[in-house]
Amino acid sequence: MLYRKKQSSTMYIIGLIAGVLGFAALAVWLGQAGPGAIGFDQAVQDYLLSHRSDNWTSVAKVLSQLGTTYVFAIVLVAVGIVLIAKRRVPEALLLLLQLAVAWGAYKGLKGLFERPRPEIEHLVEATGYSFPSGNALMASAFYLFAALLMFRLPHRGRAAGTLLVVVSLIVVLVVGASRLYLGVHYLTDILAGYAAGLTLFCLAALVLNRAKR
């Protein structure tokens, strides 16, 4: 058990370093290139614009809701109830803290970089700055940690736990892709959101491992 915990801690430390370095690289690139589209941003944006359709727009709008406050709140309550029922109140509180920290992080980072949103048609209303994507950041930080907490519950089937983790990863990717398609973010915004979210996820996972010693 102790060996497995050390293994997982090492994995989270590697993820933490990767997240920090990834975000730093994108931030430096943005600082050097300016606030508009950089690198592959324009190519991805042009491709998505040329493939817009009413059907895809409807799907993207629905999927984008997975990265909204009220869906986060529903998941928080649902997972919190399960954790409390399993007498894991500290973990439920840690999940709540994770969501609050993710919200504060994306607000603070957007205010720091002040990157304008893409100058194309936005298919949904979006306010504030663009970098990093708050939806991608919060989805990756929150959903992955919620899945981890559920995965660690005793008496759960291995297949069910693995499926839960896979579904959470798909949801995170779908949230970022939908925001990109809807024209409210550049690809680098989404990647930066993922990098920051990965950092927060790994930090929370390390705290969890530490608390379980």
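The values are calculated or read from the model by the stated rules, or taken from the named source; none is laboratory data. Because the structure is a prediction, the values reported are computed rather than measured. Backbone-built Cβ (ideal geometry, glycine too); neighbour counts: all protein chains shown. Remember, those area values only see protein heavy atoms, side chains included, never the ligands or the DNA or RNA. Shrake-Rupley method; radii C 1.70, N 1.55, O 1.52, S 1.80 Å.
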Quiz item: Accessible surface of W29 in the full protein assembly, 1.4 angstrom probe, to the nearest 10 Å²?
Solution: 80 Å²
Quiz item: Taking the Cα-to-Cβ direction at K107 and at S50 and moving 7 Å from each Cα, how far apart do the two end points lie in nm?
Solution: 4.1 nm
Self-check item: Kyte-Doolittle mean at least 1.6, axial Cα span of 20 Å or more - DSSP H helices of the chain
Solution: 69-85, 134-151, 158-181
Practice problem: May I ask you to order 146-153, 16-23, 112-119 by the average number of other C-beta atoms within 10 Å around their residues, highest value first? | Solution: 146-153, 16-23, 112-119
Quiz item: With a Cα-only, solvent-free Debye model of the chain, what are the log10 I(q)/I(0) values at q = 0.08, 0.13, 0.14 Å⁻¹?
Solution: -0.29, -0.74, -0.85
Quiz item: Which FRET efficiency value, to the nearest 0.05, is calculated for S8 and L173 with the Förster distance at 25 angstrom and r the Cβ-Cβ distance?
Solution: 0.65
Quiz item: When the solvent-accessible surface of protein heavy atoms is calculated with a 1.4 angstrom probe, in what order do V59, V79 fall, highest first?
Solution: V59, V79
Practice problem: Return, ordered by residue number, the residues of the range 173-213 whose backbone nitrogen is under 20 Å from a label point located 7 Å along Cα→Cβ of Q65. | Solution: 173-184
Practice problem: State the Cα centre-to-centre distance between the range 84-99 and the range 115-192 in whole Å. | Solution: 21 Å
Exercise. Please report, as a whole percent, how much of the solvent-accessible surface of the chain comes from carbon and sulfur atoms (probe radius 1.4 Å).
Key: 69 percent
Quiz item: How much accessible area per residue does the range 68-213 have, in Å², with a 1.4 Å probe?
Solution: 47 Å²
Quiz item: Mean residue ellipticity at 222 nm from the helices of the chain, using -39,500 (n - 2.57) per DSSP H segment of n ≥ 4 over the full residue count, to the nearest 500 deg cm²/dmol?
Solution: -26000 deg cm²/dmol
Self-check item: Cα-based convex hull volume of the range 54-148 per residue, rounded to whole Å³
Solution: 95 Å³
Exercise. Determine, for each peptide in 165-175, 133-143, the mean count of other beta carbons within 10 angstrom over its residues, then list the peptides with the highest first.
Key: 133-143, 165-175
Practice problem: Return the distance in nm (one decimal) between the two label points of a simple spin-label model at T162 and A73, each offset 7 Å from Cα along Cα→Cβ. | Solution: 3.7 nm
Quiz item: What accessible surface, in Å², does a 1.4 Å probe find on T69, ignoring ligands, DNA and RNA and rounding to the nearest 10?
Solution: 110 Å²
Quiz prompt | Cα-projected label distance for T57 with I17, points at 7 Å along beta-carbon direction, nm | solution = 4.7 nm
